[in-house]
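Okay, so here's the structure we're looking at.
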Amino acid sequence: SPTPDPHDFLDLDAGLGDDERAIRDAVRGFARDRLLDRVADWYETGALPARELAKGFGELGLLGMHLEGYGCAGTSAVAYGVACRELEAVDSGLRSFVSVQGSLAMYAIHRWGSEEHRAEWLPRMAAGDALGCFGLTEPDAGSDPGSMRTRAVRDGADWVLNGTKMWITNGTVSDVAVVWAQTDEGIRGFVVPTATPGFTANEVKHKLSLRASLTAELVLDGVRLPESAVFPEVRGLRGPLSCLNEARYGILFGVVGAARACYQAALEYTLAREQFGKPLAGFQLTQRKLADLVVEVNRAGLVALQIGRLKDAGTLHRDQVSFGKMANVRSALEVARTARSMLGANGISLEYPVMRHMANLETVLTYEGTEEMHALSLGQAVTGIPAFR
Ligand code: FAD
């Protein structure tokens, strides 16, 4: 049998179909040609050429790629996961960009929007000509979104929205915001063109994580929308949670890329650098770490692939997504922290990708359901006892 490839030790990619492999190679090529040289700069400056990226991702067919129709590619879930993995190998912020557009904003409109919403927004969003964001979290409502204060009330034939959303990815560059608000009929979702009077987006500054990503506070001050702006059917948290479940799927695949990038950087570095007269990779303590890293990266990859197969089979349960999100983000963070130590002083530099990934993964641990929330979901799934409150 062939010697295992250090970069795909369990030969997981051998199980990919031709389309899935083609998408992997296309995203890797795009990353190499257009992203890798620039990402450290975006991270350092906290600036992102959002329009240019949207156009590039749109041309690659990544935006809403697993959705059907309206200019979306309709790929397998595994193909979408692999694309997330290759993007997050560059930076979690870039994967977040694609996740928010495709799995949160576009998915919400595709799944819950009216035919009019879909026709108006999805083709432009798939092409990268329009950007969307997803406003659920508020300053005082994070893990408990049911306590949100943003309110929509009817006024004649219109809706009027008031409230504040916080930590909204791509909020400052979006053309449309999907905003969840309390109404007399429970929580409902609204399609809000960001040019509507009363809507403002303020950049969240001073982030030490996910810096190659734009984050915003959205202020809705008497935003008046027609009756047609509301998602017609869905009421309650089922609406936003269905979207988060999609995005979490992209995350559990994506972080495998971040972990792999950290492992590869540590492997390359410790093979090249010598101390005490031999490569760092030749010391037993370093090999212990490399062995742990290769195990974590491949175990997370296997979890992602299995969850992807369940999703493609149409049998994936949200508790299995919680399993993957919790397990894989934890693995990736451990890999990043260990790899960071292996690069010594260079490990803290932006000249190497490792600390950037490590800091990003702190955001990934928190958003889309904190590690604790997913632990509580798993706890409930195996015991039948809810312990959330
Ligand atoms: P809290 O809910 O206040 O939690 C703080 C801590 O308490 C956590 O450790 C949590 O696990 C713990 N905790 C809470 N409740 C319990 C409990 N019952 N038992 C035990 N522990 C508990 N949101 C959006 O809507 N759209 C976006 O696009 C978006 N992008 C984001 C981008 C970034 C960079 C970041 C950092 C966040 C983003 N978020 C977004 C928000 C994110 O989803 C929330 O931060 C997350 O849901 C956690 O909410 P919180 O920060 O208010 O923390």
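Only the coordinates and a few stated rules stand behind these numbers; no lab work does. Quantities reported herein were computed from a predicted structural model and do not represent experimental measurements. With ideal geometry, Cβ positions are generated from the backbone for all residues, glycine too; neighbour counts draw on all protein chains shown.
Once amide H atoms are built 1.01 Å from N in the peptide plane, which residues 5 or more positions from Trp159, or in another chain, come under 5 Å H to H?
HN-HN under 5 Å from Trp159: Leu225, Glu227.
In a Gaussian network model over the chain where Cα atoms closer than 10 Å are linked, find which of Leu252, Leu48, Leu376 has the largest mean-square fluctuation.
Leu376
Rank-order 253-266, 361-374 by packing density, defined as the average count of other C-beta atoms within 10 Å over each peptide's residues, highest first.
Highest to lowest by the protection proxy: 253-266, 361-374.
Taking the alpha-carbon centroid of each part, what is the distance from region 159-190 to region 43-82 in angstrom?
Using only Cα atoms, the two centres lie 23 Å from each other.
Once R0 is set to 25 Å, what does the formula 1/(1 + (r/R0)^6) return for the Cβ-Cβ distance between Phe283 and Asp11, expressed as a FRET efficiency to the nearest 0.05? Please list the in-between numbers first.
Values: r = 28 Å, r/R0 = 1.11.
Computed FRET efficiency for Phe283 and Asp11 comes out at 0.35.
Per-residue HN-Hα couplings for region 27-37, Karplus 6.51 cos²θ - 1.76 cosθ + 1.60 at θ = phi - 60°, whole Hz, x for Gly and Pro?
Result, ordered by residue: 5, 4, x, 4, 4, 5, 7, 10, 10, 4, 6 Hz.
Can you work out the Karplus-derived ³J(HN,Hα) for every residue in region 307-322? Use 6.51 cos²θ - 1.76 cosθ + 1.60 with θ = phi - 60°, whole Hz, and x for glycine or proline.
5, x, 5, 4, 5, 5, 7, x, 10, 5, 9, 4, 5, 6, 5, 4
Along the positive direction of the dipole of the chain (beta-carbon charges: Lys, Arg +1; Asp, Glu -1; about the Cα centre), which of Asn360, Thr196, Leu122 reaches farthest?
Asn360
According to the square roots a ≥ b ≥ c of the eigenvalues of the Cα gyration tensor, what is the shape class of region 116-233, taking rounded for a/c under 1.5, prolate for a/b larger than b/c otherwise, and oblate for the remainder?
Judged from the Cα gyration tensor, region 116-233 comes out oblate (a/c at least 1.5, b/c at or above a/b).
Please check: in the Gaussian network model of the chain (C-alpha springs, under 10 Å), which one of Arg273, Arg149, Arg224 has the largest mean-square fluctuation.
Of Arg273, Arg149, Arg224, the Gaussian network model singles out Arg273 as fluctuating most.
Cα centroid distance between region 213-277 and region 106-133, in Å?
If you average the Cα positions of each part, the centres end up 19 Å apart.
So between Glu227 and Ala157, what do we pick up on full extension, going 0.36 nm a residue minus the alpha carbon distance? Intermediate values should be presented prior to the final figure.
Numbers: separation 70, 0.36 × 70 = 25.20 nm, distance 0.60 nm.
Going from the current span to full extension adds 24.6 nm.
Can you give the charge dipole size of region 16-147 about its Cα centre, rounded to the nearest 20 debye, using +1 on the beta carbon of Lys and Arg and -1 on the beta carbon of Asp and Glu? Could the numbers behind the result be given before it?
Numbers: 13 positive and 21 negative charges, 52 e Å.
Its charge dipole is roughly 260 debye.
Quickly estimate the mean residue ellipticity at 222 nm for the chain, helices only: each DSSP H run with n ≥ 4 gives -39500 (n - 2.57), and the total goes over all residues, rounded to 500.
It comes out at -15500 deg cm²/dmol, rounded to the nearest 500.
Over region 56-199, what is the percentage of antiparallel beta bridges among all DSSP beta bridges, to the nearest 5?
Of those bridges, close to 75 percent are antiparallel.
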